[in-house]
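A quick write-up on the structure given underneath.
The values are calculated or read from the model by the stated rules, or taken from the named source; none is laboratory data. The model shown is predicted, which means the values in this text are computed figures rather than measured ones. Note that we place each Cβ from the backbone using ideal geometry, even for glycine, and neighbour counts take in every protein chain shown.
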Amino acid sequence: MSTSMLRLVWVYPDLLSTYGDRGNLLILSHRAESRGILTESVMVRSDQALPRQADIYLIGGGEDGPQSLAAEKLIADGAVAEAADAGRVVFAVCAGYQILGTSFIASDRECAGLGLLDMRSDRGPSRAVGELAGPVNPALGLPTLTGFENHGGRTHLGPETAALANVSHGIGNDGSTEGAFRGKVVGTYLHGPALARNPALADLLLAWAVGRAPEELPPLDDRWAQQLRQERIAALV
Amino acid sequence: MTNLSARAKFATAMLRTAATLSRVSGRGDGSVIGGRVGLTIEPRLLSMLAAGRQVALISGTNGKTTTTRFTAAALEAAGPVATNSFGANMPTGHTTALAKARDAVNCVLEVDEHYLPRLLNEATPQVIALLNLSRDQLDRAMEVSGLAAKWRTALSAAPDVPLIANADDPWVTWAAGASSRVTWVAGGQRWQEDSWVCPQCGKHLDRYGEFWRCTACGLSRPSPHWAVEGDSAVTPDGRRIPLDLRLPGQVNRANAVTALAVASAFGVPPEAAAPRLSEVKSVAGRYAVVRRDGRRVRLLLSKNPAGWLEAFDMLEPRCPVVLALNAREVDGFDTSWIYDVDFSPVQGRQVLAIGDRRMDLAVRLEVNGVRFEVVEDIAAAIQAVPPGDLEVIANYTAFQDIRAEFDRVN
Ligand SMILES: [Zn+2]
């Protein structure tokens, strides 16, 4: 942890703030504060410079125009790439997830991404809309991934990047895997928001940020979140 | 009124028969099925029925059913009005509304946002009211910028049609901006999460109180001709018209002012129109008050983040509130949008979560630091609160479920 206060950065809410992804910020903050870890949430607009010393950077979903603009600004700003190289946590969703790769398609144009994950995104044959679920990569030690996807893109992972999960229901990256991670950089197509549906993933990000093992974080009363997860997963069968 | 062709007359008769049959067999009010029958027999029926009449269209993400109801009430000062008062806001419903009231010269049609361009062509409106645009059912609907662009294109092609538009909504302002005849209303915009950036150029929008402006291209809030001040409407020439509404909230005062502006465009002065707005006590169950077991239950319908924020503004202080959330097809399957709403306004009162997706609400409220209870349904919620007032905020199908519990109260 860089300071006594956990600094959470919500990247470009003016461009990437659709689908309730702000919820990921709220959940991280709530789960940290519930354990006595003070947090500071900073919203940084696209005409402002991003801080270089934050602990967790969150990037949300958005439409094609704002997505390509956000990617250009993120590349020019350099803070997220620098922070990722320094081992800070980056968590991105949907359009933000695609930006983490080497390239993506927006408004029929190929755009450069940040290249933090070895992957590229293109257009799929149809829009992927609906519930998604699947087992998480065993390396992360997390329970089933669940969420709601709504994207037209498909993402192809290169050898340097691992999938976040396999898909047992839904489309995700390409019908077989969903999301990706490398080091402490994680991306997913999932809304719900993702961390509301997957509190263990939220805790993993927090544990990374504070430099502890996830099992060292005091457990929280997750009655409601667990019931929500069970209900959503049961609704798939 | 123009004479209808023999085919159109037959189509109209069949429409009315189909609507009646559907209604008596208990399948809703028959607007949709009737319109479908009529338009199948005569595809131009909507245009034919609209010809020679004064048509107002009312569209926007939120408030269109209420504003349509207000406008119809206001125009009744000048005689019978044709209107789709059951919320059937697509061309089938419009056709039925026009067919059912053939003698009404004034027509007020609530229009689904996506159908506005089509209605602009087919209903040859004399005036169009544009209320607001915000995120709504994102897993299936067009996003805000796309919808605004669609409106702008359609409205630019008909620059002489008078518009009554909300100056407080940047997307509406931009969509209406190509028109040469806009009457601006200070319609309010509590929800600003969809207008961080300029609709015209994509740069940051600056806000100073209610004023907004793009520093890059200069697009800015037009000076409104009509406004709300306290409990009064202010007309373009500065007259204050008292509003004595039965419907709650700032947003309904803005809807009322829009209705007065439409009525004024049809020659009904606001002094004559305003008292009629006080007669509107509920709109298809919205704002209806029902009584059960010593509880007085008020029903509020809100379908999206902007609507929930407006509903919070209507709550009686300290009164217990039921929040009801479903995610069936018409609601949109994705409930993520509840994280776009700050629930802290419901803090400090008893909060009960119901609906198919009450677990989503539970997690949301917990993160928001709001104390809540999860109960099975509206009947259980009523038992869980003390006798007295109870507020209910529900999204679309959750609202219909609750209305069914109260014999489809209107
Ligand atoms: Zn601009």
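Determine the pairs where a residue that is more than 10 Å from every other protein chain (Cβ to nearest Cβ), located within region B:199-218, has a partner that is more than 8 Å from the ligand (Cβ to nearest atom) and aromatic (Phe, Trp, Tyr) with Cβ atoms under 9 Å apart, the partner being 6 or more residues away or on another chain.
B:Pro199/B:Trp171; B:Pro199/B:Trp174; B:Gln200/B:Trp174; B:Asp206/B:Trp212
Going by what's in this entry, would A:Pro13 be described as under 20 Å from A:Leu190 (Cα atoms) and in a loop (DSSP other than H, G, I, E, B)?
Values: under 20 Å from A:Leu190 (Cα atoms): yes; in a loop (DSSP other than H, G, I, E, B): yes.
Answer is yes for this residue.
Just for helices (runs of 4 or more DSSP H) wholly inside region B:91-208: which have at least 2 residues that are within 16 Å of the ligand (Cβ to nearest atom) and assigned by TED's automatic domain parsing to the domain that holds B:Pro224?
B:144-156, B:170-176
Limited to region B:211-245, what total is found for residues that are among the basic types (Lys, Arg), away from the ligand (no atom under 16 Å from the Cβ) and surrounded by 18 or more Cβ atoms within 10 Å (Cβ to Cβ)?
0
Assess whether B:Val268 counts as being crowded, with 17+ Cβ neighbours inside 10 Å, within 27 Å of B:Ala148 (Cβ to Cβ) and either under 20 Å from the mean Cα position of the chain (by Cα) or more than 16 Å from the ligand (Cβ to nearest atom) (or both).
When the stated conditions are applied, B:Val268 does not pass them.
Restricted to region B:341-360, and to residues that are touching a helix residue (DSSP H, G or I) at 6+ places or on another chain (Cβ under 7 Å) and not in a strand (DSSP E or B), which residue is nearest to B:Glu329 (Cα to Cα)? First the steps, then the outcome.
Taking region B:341-360 as the starting set, the residues that turn out to be touching a helix residue (DSSP H, G or I) at 6+ places or on another chain (Cβ under 7 Å) are B:341, B:343, B:345-346, B:351-355, B:359-360.
Subsequent filtering for residues that are not in a strand (DSSP E or B) retains B:341, B:343, B:345-346, B:355, B:359-360.
On the way: B:Val341: 21, B:Phe343: 24, B:Pro345: 28, B:Val346: 27, B:Gly355: 14, B:Met359: 18, B:Asp360: 17 Å.
Going through the qualifying residues, I end up with B:Gly355.
Would region A:74-89 turn up any residue that is within 14 Å of chain B (Cβ to nearest Cβ) and at pLDDT 95 or above?
Checked region A:74-89: no residue is within 14 Å of chain B (Cβ to nearest Cβ) and at pLDDT 95 or above.
Among the residues of region A:125-154, how many are farther than 14 Å from A:Leu201 by Cβ, buried (at least 18 other Cβ atoms within 10 Å of the Cβ) and away from chain B (no Cβ under 14 Å)?
Total satisfying the criteria: 2.
Answer yes or no as to whether B:Ser85 is closer than 26 Å to B:Gly34 by Cα and either part of a loop (DSSP other than H, G, I, E, B) or more than 13 Å from the chain's Cα centre (by Cα) (or both).
Working: closer than 26 Å to B:Gly34 by Cα: yes; either part of a loop (DSSP other than H, G, I, E, B) or more than 13 Å from the chain's Cα centre (by Cα) (or both): yes.
So B:Ser85 fits the description; yes.
Would you mind finding the one in A:Ser29, A:Ser46 that is at the interface with chain B (Cβ under 10 Å from one of its Cβ atoms), crowded, with 16+ Cβ neighbours inside 10 Å, part of a loop (DSSP other than H, G, I, E, B) and of a type in the set (Gly, Ala, Ser)?
Of A:Ser29, A:Ser46, the one residue that is at the interface with chain B (Cβ under 10 Å from one of its Cβ atoms), crowded, with 16+ Cβ neighbours inside 10 Å, part of a loop (DSSP other than H, G, I, E, B) and of a type in the set (Gly, Ala, Ser) is A:Ser46.
Can you find a residue that is of a type in the set (S, T, N, Q) and surrounded by 18 or more Cβ atoms within 10 Å (Cβ to Cβ) anywhere in region B:191-203?
So far as region B:191-203 goes, yes, one or more of its residues are of a type in the set (S, T, N, Q) and surrounded by 18 or more Cβ atoms within 10 Å (Cβ to Cβ).
Mind checking which pairs have a first residue in region A:211-234 that is under 17 Å from A:Leu28 (Cβ atoms) and a second that is part of a loop (DSSP other than H, G, I, E, B), Cβ under 7 Å, 6 or more apart or different chains?
A:Gly211/A:Met1; A:Leu217/A:Arg35; A:Pro218/A:Arg35; A:Leu220/A:Ser34
Could you tell me whether B:Leu300 is assigned by TED's automatic domain parsing to the domain that holds B:Asp342 and either more than 16 Å from the ligand (Cβ to nearest atom) or surrounded by fewer than 14 Cβ atoms within 10 Å (Cβ to Cβ) (or both)?
yes
Hydrophobic (A, V, I, L, M, F, W, C) and surrounded by fewer than 18 Cβ atoms within 10 Å (Cβ to Cβ): which single residue out of B:Val290, B:Val330, B:Val280 fits that description?
Result: B:Val330 is the single residue among B:Val290, B:Val330, B:Val280 that is hydrophobic (A, V, I, L, M, F, W, C) and surrounded by fewer than 18 Cβ atoms within 10 Å (Cβ to Cβ).
Tell me, which residue of region A:1-26 that is at pLDDT 90 or above and farther than 30 Å from B:Glu143 by Cβ is nearest to the other protein chains (Cβ to nearest Cβ)?
Among those residues, the one meeting the criterion is A:Leu6.
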